[in-house]
6 protein chains.
Amino acid sequence: MTVAMYPGRFDPVTNGHIDIVDRSSKLFDHVIIAVAKGNEESNLFSAEERATMFKESTTKYKNVSVQTFDGLTIDIARKSKVDVLIRGLRAVTDFTTEFDMALMNRDMERKIESIFFITSLGNLFLSASRVRELASYGVSVDQYVPKTVAKMLNKKFN
Amino acid sequence: MTVAMYPGRFDPVTNGHIDIVDRSSKLFDHVIIAVAKGNEESNLFSAEERATMFKESTTKYKNVSVQTFDGLTIDIARKSKVDVLIRGLRAVTDFTTEFDMALMNRDMERKIESIFFITSLGNLFLSASRVRELASYGVSVDQYVPKTVAKMLNKKFN
Amino acid sequence: MTVAMYPGRFDPVTNGHIDIVDRSSKLFDHVIIAVAKGNEESNLFSAEERATMFKESTTKYKNVSVQTFDGLTIDIARKSKVDVLIRGLRAVTDFTTEFDMALMNRDMERKIESIFFITSLGNLFLSASRVRELASYGVSVDQYVPKTVAKMLNKKFN
Amino acid sequence: MTVAMYPGRFDPVTNGHIDIVDRSSKLFDHVIIAVAKGNEESNLFSAEERATMFKESTTKYKNVSVQTFDGLTIDIARKSKVDVLIRGLRAVTDFTTEFDMALMNRDMERKIESIFFITSLGNLFLSASRVRELASYGVSVDQYVPKTVAKMLNKKFN
Amino acid sequence: MTVAMYPGRFDPVTNGHIDIVDRSSKLFDHVIIAVAKGNEESNLFSAEERATMFKESTTKYKNVSVQTFDGLTIDIARKSKVDVLIRGLRAVTDFTTEFDMALMNRDMERKIESIFFITSLGNLFLSASRVRELASYGVSVDQYVPKTVAKMLNKKFN
Amino acid sequence: MTVAMYPGRFDPVTNGHIDIVDRSSKLFDHVIIAVAKGNEESNLFSAEERATMFKESTTKYKNVSVQTFDGLTIDIARKSKVDVLIRGLRAVTDFTTEFDMALMNRDMERKIESIFFITSLGNLFLSASRVRELASYGVSVDQYVPKTVAKMLNKKFN
């Protein structure tokens, strides 16, 4: 059995994130979405809210679970007996950051692999920070995020 | 059951290629190494020789097989009922080529996924073309390729 | 009146090229598509064939014309009294080549500007070389090129 | 008639910005410089000051106007009935950010185009943030900014 | 006699930094490590602490000295009668920043050269910010930093 | 005494190459320009011609010598007891190639260092291949190459 983990801030969850989960869930026996708590003040949504978003948007995937975590990704991956870390790549700038991170994670834990998906064409320009920016200006982001997230963003900014 | 395919020219097989096979074989039920025939004149080794190299260097992997193919990667992947294509990324320049290819493959066949591994640190600078160049100058490439490949390169250039 | 020139090899014309013409034709008074002859042996279609493709695919644009040329782009641009050169950018690797070219063109002729469009999302992975490759394997490229080009490719490879 | 908009923070205006205005003003009937208000605390100069800088440095261009705006660029562009957004590219890192932005803007409003100029050689290394840094250390930036900006920077830091 | 300067924040000093000093000390008669004071609040260690780290980790190099500085790198380099500035490049993203900086430094002072080393393979993924992050989570960074730095990090976070 | 080697094809020598020699000659006791023979058929000028170009263009540098070589750069560097290899970086695409090469050279010979200069602003877009292209079309390249090279190009193409 192969267990994958998809770590991130997901502030908020976008269609791009859901797409990665969708594709991962077909390749691996179990996919754990790991929501990084991070500095609560610098996030728009609390870790709990972000986990809830993901749970409500992924109910149809039987082999997907969601959890929050604090600390280093590689530590939580180790504790969760994960085989592989999953990341999406949108562009070259993503690549260089992810490249370093993957090499360091590998240096710290040989047994956990990192693999990368390339974001689907329709989501290439989509980032959580851009979604936050649009929503903060009252622009509809319905086409970029799951329904549950759109609602939570509306509440936040109205 | 998840079937992965690792396509390429592999002219010749390097330790970097073996490393990707090693890592893939742990994540997927079966890994098919697919050696692209390509234009025989522009290759140093024939497709058969390249397939042999890979077979002899991967005997210890029970879930790995090797085949040659002609034509489009996505076509052979479809015929072989592959779930996922595997590629190694060494650097940013690799990334942009792979990025395009992955997007086009996805456009042609939604059901086949592409994922990327980042080359291990020790193999980052290793490419088949550089190995060919070194070998052509009579420089030992023993530390960069499997034993069987080193022998075949020696025969070729002596 | 602003005259734009869109230079390239266009071997063959793709939907990506047509898209750039479409967008340019809205911003500039006249758009000259300039098909570079180049080395006839290294091209799949002759310059005349490539110009014909473009003409037949752009009949609906009243302010677009097509011509072939030999030699330096900046020279033909100067002779045609062009104000601005147009190029499409698909990715970072395109960017660095275009960057150099734009700087040198500017060094040679201050009065001619270069501007860049970013390829539409649906055409991001589309390149003439990939279309040639697909067609050479007998794969349908109908969704990637204008009808007239699809026909000419079919004739070429059958 | 083609109306172009050149949006940005311009904190402060540099010779690089003036150069883009100069080149745009030759290609388009009207160029609107749109100064983004942004978070006033994170800017060195107020939006009004930045607009004034630009007005005083572009008096010789009869088809250039300056305005400030709040909110999304694409919204102000729509309201101002703009045909094309203009951006300068200095380097590869600029490119990836601009690439995303252009794709998202296009997704939100098909009728507004984005085009890119490559910064002139002499301004390649010039950025507003570097100018701020130099000025804050009391270093003369006279060769990097218009006269009026040099004066305002002097006042700010003395 | 050729005098080199290696400027940076070094917050904290990593094995990657020591490696650059080691390699520079073989090529140049004297190497001055220049620790930028920067904004004390945004640094983990004070400039004095960072200078001490470097001194204690480079005692075996007879032609290396350490100093702190405030202000522009190019100014301190001029005052110290330096011939060449030294920087390490880890990846493409480093490159673009360093590229701009080198061009501007050259514009301000023709007589001071900038040269670049490529980080050793084992340190490629190593950055001061990542070390700070690991240490803040209580993860051992002994293999990434000199002993004296490991001790100071331990003290800081316990 | 520090000996530097500047290896390359230099087909032909450009002002960009001369600039790197000029800058290197100030930092190192001796600079050996090493002209790679390469495949004579794929070069415009013979190795001897290219070496002559460089000699005639660098007579004023007392600590610069020119030689031709065949085989691997790292081998000739070793034989010439070189301390450091010098390369110029024009752009990001150069960087990734040079990055790999430097890492492999270092893997093969620890005692020889590689360092990089960033091309001067005025030469950023200048490459030997572009000079060949311009000259082949009869365009004057006098402002891009040393006088002696301009003459040899004229002879070649007239």
Sort out which residues of region F:95-109 are touching a strand residue (DSSP E or B) at 6+ places or on another chain (Cβ under 8 Å) and assigned to a loop (DSSP other than H, G, I, E, B), and write them in order of number. none
Checked region C:1-32 for anything at pLDDT below 95 and either in a strand (DSSP E or B) or within 20 Å of C:F69 (Cβ to Cβ) (or both); matches are none
Looking for something out of contact with any His (no Cβ under 9 Å at 6 or more places or on another chain), within 14 Å of chain B (Cβ to nearest Cβ) and either of a type outside the set (V, I, T) or over 30 Å from B:S127 (Cβ atoms) (or both) - is there at least one such residue anywhere in region F:45-58? no
Kindly establish whether D:V139 is of a type in the set (V, I, T), more than 18 Å from the chain's Cα centre (by Cα) and more than 14 Å from chain A (Cβ to nearest Cβ). yes
Restricting to region A:84-104, name every residue that is β-branched (V, I, T) and away from chain D (no Cβ under 12 Å). A:V84, A:I86
Taking region F:3-56 as the region of interest, how many residues are of a type in the set (S, T, Y), under 22 Å from E:R110 (Cβ atoms) and out of contact with any Leu (no Cβ under 6 Å at 6 or more places or on another chain)? 3
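For region A:25-44, give me the residue count where each residue is closer than 23 Å to A:K81 by Cα and more than 14 Å from chain B (Cβ to nearest Cβ).
Total meeting the criteria: 7.
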In region D:34-71, which residue that is basic (K, R) and assigned to a helix (DSSP H, G or I) is surrounded by the fewest Cβ atoms within 10 Å (Cβ to Cβ)? D:K55
Pull out all pairs, ordered by first then second residue, where Cβ-Cβ is under 8 Å, the residues are six or more apart or on different chains, the first lies in region E:74-94 and is more than 30 Å from A:T97 (Cα to Cα), and the second is surrounded by fewer than 18 Cβ atoms within 10 Å (Cβ to Cβ) and of a type in the set (F, W, Y). E:D75/D:Y137
Filter result (within 14 Å of A:E49 (Cβ to Cβ) and either assigned to a helix (DSSP H, G or I) or touching a His at 6+ places or on another chain (Cβ under 6 Å) (or both)) within region A:140-149: A:T148, A:V149
Over 23 Å from C:R23 (Cα atoms) and without any contact (Cβ under 8 Å) to a residue 60 or more places away in the chain: does that describe C:D142? no
Among the residues of region A:140-158, count how many are surrounded by fewer than 18 Cβ atoms within 10 Å (Cβ to Cβ) and either in contact with a Leu (Cβ under 6 Å, 6 or more places away or on another chain) or not hydrophobic (A, V, I, L, M, F, W, C) (or both). 10
May I ask you to list the residues in region B:72-94 that are assigned to a helix (DSSP H, G or I), in contact with a strand residue (DSSP E or B) (Cβ under 6 Å, 6 or more places away or on another chain) and not hydrophobic (A, V, I, L, M, F, W, C)? B:T73
Kindly indicate whether any position in region B:72-83 is touching a Ser or Thr at 6+ places or on another chain (Cβ under 7 Å), crowded, with 21+ Cβ neighbours inside 10 Å, away from chain F (no Cβ under 14 Å) and under 25 Å from A:S114 (Cβ atoms). no
Suppose the filter is at pLDDT 95 or above, within 14 Å of chain A (Cβ to nearest Cβ), surrounded by fewer than 19 Cβ atoms within 10 Å (Cβ to Cβ) and farther than 28 Å from E:T96 by Cα; does D:D107 pass it? no
Pick from region F:110-122 the residues that are facing another protein chain (nearest Cβ under 7 Å) and touching a helix residue (DSSP H, G or I) at 6+ places or on another chain (Cβ under 6 Å): which of them is surrounded by the most Cβ atoms within 10 Å (Cβ to Cβ)? F:I118
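With respect to F:V66, is the statement that it is closer than 30 Å to E:D107 by Cβ and of a type in the set (V, I, T) true?
Criteria not met by F:V66.
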Subset tally (residues that are free of Cβ contacts under 8 Å to residues at least 24 places away in the same chain and under 22 Å from F:S136 (Cα atoms)) for region C:19-70: 6
If we keep only residues of region C:123-136 that are more than 8 Å from chain B (Cβ to nearest Cβ) and crowded, with 16+ Cβ neighbours inside 10 Å, then the residue modelled with the lowest pLDDT is C:N123
Quick one: would you say D:T148 is of a type in the set (S, T, N, Q) and within 10 Å of another protein chain (Cβ to nearest Cβ)? no
Pick from A:V21, A:V64: which is under 25 Å from A:F125 (Cα atoms) and under 14 Å from the mean Cα position of the chain (by Cα)? A:V21
Within region E:1-15, the residues that are within 14 Å of chain F (Cβ to nearest Cβ) and either surrounded by fewer than 24 Cβ atoms within 10 Å (Cβ to Cβ) or aromatic (F, W, Y) (or both) are E:M1, E:T2, E:V3, E:Y6
Counted residues in region C:110-130 being more than 16 Å from the chain's Cα centre (by Cα) and outside any loop (DSSP other than H, G, I, E, B) come to 3
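The values are calculated or read from the model by the stated rules, or taken from the named source; none is laboratory data. Quick caveat, the model's predicted, so the values are computed rather than measured. Every residue, glycine as well, gets a Cβ built from its backbone with ideal geometry; the counts of neighbours run over all protein chains shown.
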